[in-house]
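Read the figures in this text as sums done on the coordinates, not as results from a lab. These figures come from a predicted structure and were not determined experimentally. When we count neighbours, we look across all protein chains shown, and the Cβ atoms used for this are built from the backbone with ideal geometry, even at glycine.
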Amino acid sequence: MGYYYTLAPYIVKRPWLYKLVQPVAAWYQNLAGYRQMGLMCDDLINEEDEVVLKALKRLPEKVAYDRVYRLRRATQLSLSQKILPKEEWIKPEEDVPYLMPLIDQVYAEIQEEKALNNLEIIKKSKH
């Protein structure tokens, strides 16, 4: 998870803090309004990053198609200054990460490759 900074692991490990933060997080997600446009949280990730582009290429075909559909529909809604009918909003339980696990995987592979490329071979000298 070195690609982005998050307090989530810290918060999740502390039940008292999670109970405190969770209602605020849910309130903020509803306030953000992306679910009312039919978008999932991972749909909001900026595609201009090379790591994200590599992760997008790894999406299964159906997931990639659904993503493009959601983005196009949200763009059309935004242009017409509308939101979806309430029954079409993304429900919190449907808003699961589908891209972040792939981004984490790509980032880990890049870090591993950098580490391997920076290895030094030291020969022991015979005395």
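Helix 15-32 and the long axis of the chain differ in direction by around 60°, with both axes built from C-alpha atoms.
A simple spin-label model places the labels of ASP95 and ASN30 1.1 nm from each other, with each point 7 Å out along Cα-to-Cβ.
A crude spin-label estimate for the pair LYS126 and LYS13, with each label 7 Å from Cα along the Cβ direction, gives 4.9 nm.
Per-residue ellipticity at 222 nm from helix content only, as computed over the chain with -39500 (n - 2.57) for each DSSP H run of at least four residues, stands at -17000 deg cm²/dmol. If you count Lys pairs in the chain whose Cα atoms are under 30 Å apart, skipping same-chain pairs closer than 8 places in sequence, the total is 14. Between the beta carbons of ILE83 and GLU50, assuming R0 = 30 Å, the FRET efficiency works out to 0.35 to the nearest 0.05. Under a model in which nothing but the beta-carbon of Lys, Arg (+1) and Asp, Glu (-1) is charged, the stretch 8-113 shows a dipole of about 540 debye around its Cα centre.
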